[in-house]
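Contents: one structure, followed by commentary.
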Amino acid sequence: MPQIIPIKDLKNTSEISEMCHQADEPIYITKNGYGDMVIMSMEIYESAMRQLFMLQNIELSEKQIKNGQTKDARAALAEMRSKYGL
């Protein structure tokens, strides 16, 4: 279940940092009862960015397949070997 805290609690930086590192998901910050910000540990952020990058690459690959922008794997490997002397 997501953690939700009011913005006034951000002054307790050590406690907030500990909460971020213990949580497996972002912590939601509210201001005047409404969502305002999201905070998370660097580990969770980096993991989310890796997942986003992979999903973007999958989406790009699917578009390329749909548009016929593909190469034969053997031809692509042969091209790489000759280009890079592998």
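Every read-out reported here was derived from the displayed coordinates using simple, explicitly stated rules and does not represent laboratory data. All values derive from a computational prediction rather than experimental measurement. As a convention, Cβ positions derive from the backbone with ideal geometry for all residues, glycine included, and neighbour counts pool all protein chains shown.
Between Asp36 and Gln56, what is the FRET efficiency for a Förster distance of 35 Å, r being their Cβ-Cβ separation, to the nearest 0.05? The partial results should precede the final answer.
Working: r = 27 Å, r/R0 = 0.77.
For Asp36 and Gln56, the calculated efficiency is 0.85.
Dividing the convex hull volume of the alpha carbon atoms of the range 43-84 by its residue count, what do you get in Å³ per residue? Before the final figure, lay out each step's value.
Details: hull volume 3.6 nm³, N = 42.
For the range 43-84, the hull spanned by Cα atoms encloses 87 Å³ per residue.
Mean separation of Cα pairs under 8 Å and 6+ residues apart, divided by the residue count of the chain: what relative contact order is that in percent?
Details: 57 pairs, mean separation 16.7, N = 86.
The normalised contact order for the chain reaches 19 percent.
Roughly how compact is the range 16-66, stated as its Cα Rg over 2.2 N^0.38 Å to two decimals?
Compactness ratio reported: 1.59.
FRET efficiency for Ser14 and Lys63, Cβ-Cβ distance as r, R0 = 35 Å, nearest 0.05? Walk me through the intermediate numbers first.
On the way: r = 46 Å, r/R0 = 1.31.
For Ser14 and Lys63, the calculated efficiency is 0.15.
Along the charge dipole of the chain, pointing to its positive end and built from +1/-1 on Cβ of Lys, Arg, Asp and Glu, which listed residue (Ile4, Met49, Gly85) has its Cα farthest out?
Gly85
By how many nm would the segment from Ile4 to Tyr28 grow when fully extended, if each residue of separation counts as 0.36 nm and the alpha-carbon distance is taken off?
Values: separation 24, 0.36 × 24 = 8.64 nm, distance 0.47 nm.
Length gained, Ile4 through Tyr28: 8.2 nm.
Would you mind estimating how fast the chain diffuses translationally, via Stokes-Einstein at 37 °C and 0.692 mPa s with the Kirkwood radius over Cα pairs, in µm²/s?
Calculated translational D: 196 µm²/s.
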